[in-house]
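Taken together, the values in this text are just the output of simple stated rules run on the coordinates, not laboratory data. Keep in mind it's a predicted model, so treat the numbers as computed, not measured. Cβ coordinates were reconstructed from backbone atoms using ideal geometry, including for glycine residues, and neighbour counts include every protein chain displayed.
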Amino acid sequence: MSEVMNDQNQLFTILIAEDDSDDKVLVQSAFQEFDSAYNLFSVQDGFELLNYLRKQGGFLEPTAAPRPDLILLDLNMPRMDGRQALAEIKADPALRSIPVVVLSNSSVQEDILRTYDLGGAGFIIKPQTCEGMHEVVKILNRYWFKVVQLAGGVRGKNGKSNGPAHIYSG
Amino acid sequence: MFNNAKPVTFLIAEDDPDDRLLIHEAFQESLVSNSIYFVEDGVKLLDYLRRQDKYTDPTVSPTPDLILLDLNMPRKDGREALAEIKSDPRLRYIPVVVLTTSKAEEDIMRSYDIGAASYITKPVTFEGLVEAIRGFKQYWVQIVCLPTQDAIDE
């Protein structure tokens with residue numbers, strides 16, 4: 001597909017909410033295998049996720065917490081779990097336009113149904129191998145940053161949208 | 001590693017017959033075979049989902065796993081249909097992906113705001129459409145888990 005280059009050279013910002021450091025490294029390294037750079041940010045639980053998104057707590061610096069284009073959300077986390085965090089994000093008019101994709105070890109049907117019911121934009125069972133994660137990240141990239149049009153205007157950056165960018169080749 | 005033995009049922013709301021044909025062909029071009037059903041506007045979409053009018057038979061009009069929604073349609077447009085689906089507790093779990101020619105920032109923003117799972121601008125060429133549908137299916141069919149009918153019925 002002859003795809004539109006992101007003419008503003010704007011990097012996509014992905015926020016990963018994951019309490020397990022091994023899983024976090026697995027996701028991050030899968031993203032880093034691609035040529036293009038992302039702004040990858042991470043938080044450790046739902047409480048920190050909401051603080052990040054609302055620029056509270058440790059995220060008062062505007063540059064410390066850029067608004068993500070996509071949130072990857074683990075479900076089972078301490079303090080505030082992913083279910084509650086998702087419900088809060090989708091109930092908040094300032095946040096609910098950000099797509100949230102659940103990436104979890106859970107394959108419980110109730111979790112899957114509830115994720116969509118609350119407004120999640122996908123439920124992915126976490127692959128346990130690097131190869132599996134690489135494949136998932138490849139498809140995630142292609143879909144969210146090449147096929148889909150994200151709601152970029154909300155960041156108010158020049159009032160322009162971040163159209164689909166050419167993120168990886170292949 | 002990927003979950004999907006189960007075929008995915010797509011319901012596509014699109015008023016333009018040429019676009020319906022192109023989308024249908026694009027689905028066939030991409031590798032995975034799935035069932036696709038079409039409705040022509042937002043009124044029919046809601047009738048289908050609520051098993052009203054000519055859509056009462058679930059074997060003929062099965063509940064979709066995912067909806068692809070055009071925005072500009074007669075009678076009831078996609079914006080209104082999306083808002084209705086997402087405010088109906090029996091329907092809102094169904095992911096709705098907007099597929100439209102509109103690139104208006106307001107449409108994009110509003111679609112996400114009222115609960116679209118994602119927003120795709122229709123590529124102008126057939127090749128572009130095939131590419132987009134391929135990426136769409138890789139995501140929704142290969143790596144994503146959708147609710148099973150058993151879980152929904154409970």
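Between residue A:33 and residue B:63, what is the spin-label point distance in nm, taking each point 7 Å from the Cα along the Cα→C-beta axis?
Result for the modelled spin labels: 3.7 nm.
Quick one: dipole size for the protein assembly as shown, taken about the Cα centre, charges +1 on Lys/Arg Cβ and -1 on Asp/Glu Cβ, in debye to the nearest 20.
In debye, rounded to 20, the protein assembly as shown gives about 520.
Using only DSSP helix segments of four residues or longer, with each worth -39500 (n - 2.57), what per-residue ellipticity at 222 nm results for the protein assembly as shown after dividing by its residue count and rounding to 500?
Per the formula, -10000 deg cm²/dmol.
Need one number: convex hull volume per residue for region A:47-158, Cα atoms only, in Å³.
About 123 Å³ per residue, rounded to a whole number.
Provide B:54, A:138, A:55 in ascending order of the number of other Cβ atoms located within 10 Å of each residue's Cβ, fewest first.
By the 10 Å Cβ count, ascending: B:54, A:55, A:138.
Can you sort B:18, A:69, B:47 so the residue with the fewest Cβ neighbours within 10 Å comes first?
B:18, B:47, A:69
For a footprinting-style exposure proxy, rank B:145, A:130 by other Cβ within 10 Å, fewest first.
Least to most surrounded, the residues fall as A:130, B:145.
How much FRET efficiency would the formula 1/(1 + (r/R0)^6) give for residue B:153 and residue A:54, where r is the Cβ-Cβ distance and R0 is 41 Å, rounded to 0.05?
E(calc), rounded to 0.05, equals 0.65.
Given B:45, B:142, B:27, which one lies farthest toward the positive end of the charge dipole of region B:1-152, if we put +1 on the Cβ of every Lys and Arg and -1 on the Cβ of every Asp and Glu?
Highest projection toward the positive end goes to B:142.
Let me know the shape class of region B:68-154, please: from the alpha-carbon gyration tensor, a ≥ b ≥ c as square roots of the eigenvalues, rounded when a/c is under 1.5, otherwise prolate if a/b is greater than b/c, or oblate.
Oblate shape, in that a/c is at least 1.5 and b/c is the bigger or equal ratio.
When we measure straight from the Cα of residue A:126, which aspartates and glutamates land under 14 angstrom away, once same-chain ones fewer than 8 places off are left out?
Straight-line reach from residue A:126, under 14 Å: A:18, A:19, A:20, A:22, A:23, A:74, A:111, A:135.
Could you give the length gained on full extension between residue B:16 and residue B:56, defined as 0.36 nm per residue of separation minus the Cα-Cα distance, in nm?
Result for the pair: 12.0 nm of gain on full extension.
State log₁₀ I(q)/I(0) for the protein assembly as shown at q = 0.14, 0.16 Å⁻¹ as given by the Debye formula over alpha-carbon point scatterers of equal weight, solvent excluded.
-1.11, -1.51
Let me check I have the definition right: for region B:25-121, take the eigenvalues of the Cα gyration tensor, multiply each by 5, take square roots. What are those semi-axes in whole Å, largest first?
Semi-axes, largest first: 21, 18, 12 Å.
For a test of understanding, tell me how many lysine pairs in region B:22-154 have Cα atoms under 26 Å apart, given they are 8 or more places apart or on different chains.
Counting lysine pairs in region B:22-154 gives 17.
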